[in-house]
Amino acid sequence: MEMSALLFVPATDEHKIQKAETLGCSGIILDLEDAVSEADKERARANATRWLQQRASDGPPRRWVRINGLDTPHWESDLDAVLPASPDGFVVPKVERAGQLRALEDRLRRWERETGQNLNGIQMVILLETAAGVMRMEELLSASKRIRAAALGIADLAVDTGMSLDFAFRQNGFAAERVRLVLVSRALGLEPPWDVVYVFLDDKAGFREDVHFGHDIGCQGKMVIHPSQLAVVREVYGVSDEEMLKARRILEISAQARQSGQGAVLTEDGLLVDGALVRWAEDTLRRAGEQ
C-alpha cells in the first residue's frame, strides 16, 4: 500500500527532488511558492519542468506542483513553464474567492483544448490559508470540477487571524476548522482532505498527536515538509494486522448474515455488524490493497 503522505519539496533543490522519489510518498509537491525566493522563481520552474518531463505519470508518487498564489503576478508564468510537462495537478495556495479559481479554470481549459488534452484531466488541491478562505469553504470547494481535495494552511491561517503558532499547532487551535473541512469535502463528493502541515520539526510527540488527530477525523493523509516526518505518517495511516483481521471477520459475519436473511448482527463479543461497519471493513481492506 502506498503511504498517505504528500511531501513538499523546494523546486530549486534538485538533490531533494531526486531523493523524494525514493521515499515511498503518495505524491511529491514541487514547490514554486513559499520555498522559493523571488530571485529563484525561474530556476525553480525550469527544475520542475525538467523533472516532470523525466518522470512518467503512471503511478505513485503523483506529480503535483504548488504554484504561486492567484493574487500574485507569478502564477501564469508558473503555468506557462510547467503545463507542457503535464503534471498530475496543481496545489493552489491561499485561495479566497471563487473568481480566482475560475480564472485558473479558464486558463487550464484553454490549454487543454489547444493541445488536445483530456478536459479536466489536470486536477487541483486547494489550500485554505486565510479567514476569508475558510469562511467561504463550501463555495470554494465546489468552484471547479477539477478540485480533487483540499487542505488547510495552519501557519498562514494563524498569522491571518492573530493566533499564536504555538497554540495553532501544539494546542490544535483550528480543530473545528479541520473537522469542518472533512464534513464539507465529503458532503460535496470530494476526496477526504489532506491534513495540515506540522511546522515544528523537533516536536516529535506533538507531531505524532497531530497525525493521529487528522487520521481519526477522516483525513486521507498528511502533507509533510521533511522526510523525517514520513515514518509516523506511514505508521498511523497504515492498516495494522489487527485492523485487517477485524475487517475480514466483519465481512465474513456480514456474508453469513445475508445468506441467512438477517440484517444487522450482534456477535458474541458485543460487536454490532451493520452497514456502517461493513463499509468500514471494505474501506480498510481497500486501503490495505486487498479489494
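Laboratory data are not the source of any read-out in this text; all were calculated from the coordinates shown. Since the model is a prediction, treat every value here as computed from it, not as a measurement. Don't worry about glycine lacking a Cβ; one is built from the backbone with ideal geometry, like all the others, and counts go over all protein chains shown.
Label-to-label distance for Ser164 and Leu201 is 2.4 nm, based on points extended 7 Å past Cα in the beta-carbon direction.
The string of couplings for the range 99-111 from the Karplus curve (6.51, -1.76, 1.60, θ = phi - 60°) is x, 4, 5, 5, 5, 5, 4, 4, 5, 5, 5, 4, 5 Hz, one whole number per residue in order, with x for Gly and Pro.
Taking the DSSP beta bridges in the chain as the whole, what percent of them are antiparallel, to the nearest 5?
Values: 2 of 29 bridges.
Close to 5 percent.
Projected onto planes of every orientation and averaged, the convex hull of the alpha-carbon atoms in the chain covers 17.2 nm².
Spin-label pair Thr115-Asp241: with each label point 7 Å from Cα along the Cα-Cβ axis, the two points sit 4.7 nm from one another. Remark: spin-label model distance Ser228-Glu14 equals 2.7 nm, labels positioned 7 Å along the Cα→Cβ axis. Each residue of the range 171-177 is assigned a 3J(HN,Hα), and the resulting list reads 10, 6, x, 10, 4, 4, 5 Hz, derived from the Karplus form 6.51 cos²θ - 1.76 cosθ + 1.60 (θ = phi - 60°), x at Gly and Pro.
Calculate for the chain the 222 nm mean residue ellipticity that helices alone would give, adding -39,500 (n - 2.57) per DSSP H run of length 4 or more and normalising by residue count, nearest 500 deg cm²/dmol. Walk me through the intermediate numbers first.
Working: 13 runs with 138 residues, N = 291.
About -14000 deg cm²/dmol.
The simple Förster model, with R0 at 35 Å and r as the Cβ-Cβ distance, assigns Glu138 and Arg249 a FRET efficiency of 0.35.
I'd like the FRET efficiency for Thr267 and Arg186, computed as 1/(1 + (r/R0)^6) with the beta carbon distance as r and R0 of 45 Å, rounded to 0.05.
Numbers: r = 28 Å, r/R0 = 0.63.
Computed FRET efficiency for Thr267 and Arg186 comes out at 0.95.
Amide hydrogen proximity for Asp31: with H placed 1.01 Å from N in the peptide plane, the residues at 5 or more positions away or on another chain lying under 5 Å are Val9, Ala11, Arg66. Would you mind classifying the range 1-131 by shape? Square roots of the alpha carbon gyration tensor eigenvalues, ordered a ≥ b ≥ c; an a/c under 1.5 is rounded, otherwise it is prolate if a/b is larger than b/c and oblate if not. Judged from the Cα gyration tensor, the range 1-131 comes out rounded (a/c under 1.5).
The calculated FRET efficiency for the pair Ala276 and Glu209, based on their C-beta separation and a Förster distance of 41 Å, comes to about 0.95. Sorting 81-91, 176-186, 12-22 by their mean Cβ neighbour count within 10 Å, with the most densely packed peptide first, gives 81-91, 176-186, 12-22. Cα extents for the range 134-256 along the principal axes, largest to smallest and rounded to whole angstrom: 56, 37, 23.
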